[in-house]
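> Attaching a single structure in structure tokens format; questions to follow.
The values are calculated or read from the model by the stated rules, or taken from the named source; none is laboratory data. Source: prediction; values computed, not measured. Here Cβ is always computed from backbone atoms with ideal geometry, including for glycine, and neighbour counts include all displayed protein chains.
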Amino acid sequence: ERCHYFPISSLSLCTEDKGTLFHCLWSCPKVEELWEQVKLIIQEILSIRLDREPKLFLLGLYPEGHNINQPEQIFLNIWFLQAKRVIVLTWKNMGKPSVPQWVRELALSPSGKNYFYT
Ligand SMILES: [Zn+2]
């Protein structure tokens, strides 16, 4: 009944009766806000429109007919990866992943830095 998909005993993001990896990474109310903010920030920085779509945000699969170019895709992949990382990191303490935390992770990753601090 908890998010115990991974064999980490302290892993309990929420007490909802869904407990799937998909729930923990995507549809849990605790992570929805992060993804929404990530989406808004990315849209703002790259001046593009994104649908909050698990295929794209979780798997990096771009929708048919998208017009996101290669350099933008590289940044998107980094940002999505770091968002997932923040989510997984917060599972351990039952916290709620936050945007500042995501930005911090990006600042620490060499390739994510450039876009945020130029
Ligand atoms: Zn949940």
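> In this structure, is ASP51 at pLDDT 90 or above and not in a helix (DSSP H, G or I)?
Yes.
> Scan segment 30-70 residue by residue and report those that are surrounded by fewer than 17 Cβ atoms within 10 Å (Cβ to Cβ), free of Cβ contacts under 8 Å to residues at least 24 places away in the same chain and in contact with an Asp or Glu (Cβ under 9 Å, 6 or more places away or on another chain).
Across segment 30-70, the qualifying residues are ARG52, LEU61, PRO63.
> What about ILE74, is it farther than 15 Å from LEU21 by Cβ, of a type in the set (A, V, I, L, M, F, W, C) and surrounded by 16 or more Cβ atoms within 10 Å (Cβ to Cβ)?
Details: farther than 15 Å from LEU21 by Cβ: yes; of a type in the set (A, V, I, L, M, F, W, C): yes; surrounded by 16 or more Cβ atoms within 10 Å (Cβ to Cβ): no.
No, not satisfied.
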